[in-house]
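I have placed the structure first, in the form of structure tokens, so that the comments after it can refer back to it.
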Amino acid sequence: MLINLFRKKTDSNQSGKLPFQVEVHCHVLPGIDDGSKTVESSVEIVRKLQSMGIRKIIATPHITNETFPNTKETIEAACNLLKPALKRESIDVELVYSAEYRLDELFDKIHAEKALIPFPKNCVLIENSFIQPYWALEKL
């Protein structure tokens with residue numbers, strides 16, 4: 001028999017709730033990357049996140065040179081499609097956006113133009129290529 005002596009006791013009211021209230025890596029904006037494809041599916045995802053205790057979502061769609069060349073404008077437009085749908089459904093979750101940047105030529109361009117969409121405190125979410133390491137990581 002295996003016994004976990006270090007497990008915190010759970011409050012019965014917290015069953016199914018996450019231990020945090022802010023989702024910071026979420027592909028919930030409709031139709032702009034490999035996440036949700038429609039406003040309707042985005043609403044259902046947010047509804048489920050809310051049921052798990054999420055109160056704020058920082059949507060982070062991919063920005064990649066090859067597959068998802070999103071911009072602040074495309075991301076903001078998708079966010080502006082979803083917000084009124086959430087309101088219509090009485091889903092009270094704060095929705096803001098940033099991005100998940102692939103370290104590639106497009107990232108270099110956006111960074112040089114000082115056009116990154118940062119998280120609070122000027123942090124950015126990055127991902128490396130699955131094929132090769134980023135050539136300028138030490139310089140960055």
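In order along the range 30-37, phi translates into HN-Hα couplings of x, x, 10, 7, 8, x, 4, 9 Hz, rounded to whole numbers, per the Karplus curve 6.51 cos²θ - 1.76 cosθ + 1.60 with θ = phi - 60° and x for Gly and Pro.
Our helix-only sum for the chain, with -39,500 (n - 2.57) per DSSP H run of n ≥ 4 divided by its residues, gives a mean residue ellipticity at 222 nm of -8500 deg cm²/dmol.
Quantify, in whole percent, the carbon and sulfur part of the accessible surface of the chain (1.4 Å probe; protein heavy atoms only).
Reported share for carbon and sulfur atoms: 56 percent.
Volume of the convex hull of the range 37-101 (Cα atoms only), normalised per residue: 80 Å³. If R0 equals 35 Å, the separation of the Cβ atoms of Asn128 and Ser15 corresponds to a calculated FRET efficiency of about 0.40. The calculated Kirkwood hydrodynamic radius for the chain is 16.8 Å, given to one decimal from all distinct C-alpha pairs. With a cut-off of 11 Å between beta carbons, the residues surrounding Leu125 carry a summed charge of -1, where Lys and Arg count +1 and Asp and Glu -1. Residues whose amide H lies under 5 Å from that of Ile126, counting only those 5 or more places away or on a different chain, are Tyr101; hydrogens are built 1.01 Å from N in the peptide plane. Here, the range 67-135 yields an orientationally averaged convex hull projection of 5.9 nm² when only Cα atoms define the hull.
Taking 7 Å steps out from each Cα toward its Cβ at Ser41 and Lys72 produces label points 2.9 nm apart. Backbone phi angles across the range 123-134, fed through the Karplus curve with coefficients 6.51, -1.76 and 1.60 (θ = phi - 60°), yield HN-Hα couplings of 8, 10, 8, 10, 9, 8, 4, 7, 9, 8, x, 5 Hz in residue order; Gly and Pro are listed as x. Count the net charge of all other residues whose Cβ sits under 12 Å from the Cβ of Met52, scoring Lys and Arg as +1 and Asp and Glu as -1. Net charge in that neighbourhood comes out at +3. Summing +1 for each Lys or Arg and -1 for each Asp or Glu among the other residues whose beta-carbon sits under 14 angstrom from that of Pro61 gives -4. Between Asn80 and Lys109, the distance separating the two model label sites (each 7 Å from Cα on the Cα→Cβ line) works out to 2.3 nm.
The values are calculated or read from the model by the stated rules, or taken from the named source; none is laboratory data. What you see is a predicted model, and the numbers here were worked out from it, not measured in a lab. Cβ atoms come from the backbone with ideal geometry, glycine included; neighbour counts cover every protein chain shown. Heads up: the accessible areas ignore ligands, DNA and RNA and are worked out on the full protein's heavy atoms, side chains in. Shrake-Rupley method; radii C 1.70, N 1.55, O 1.52, S 1.80 Å.
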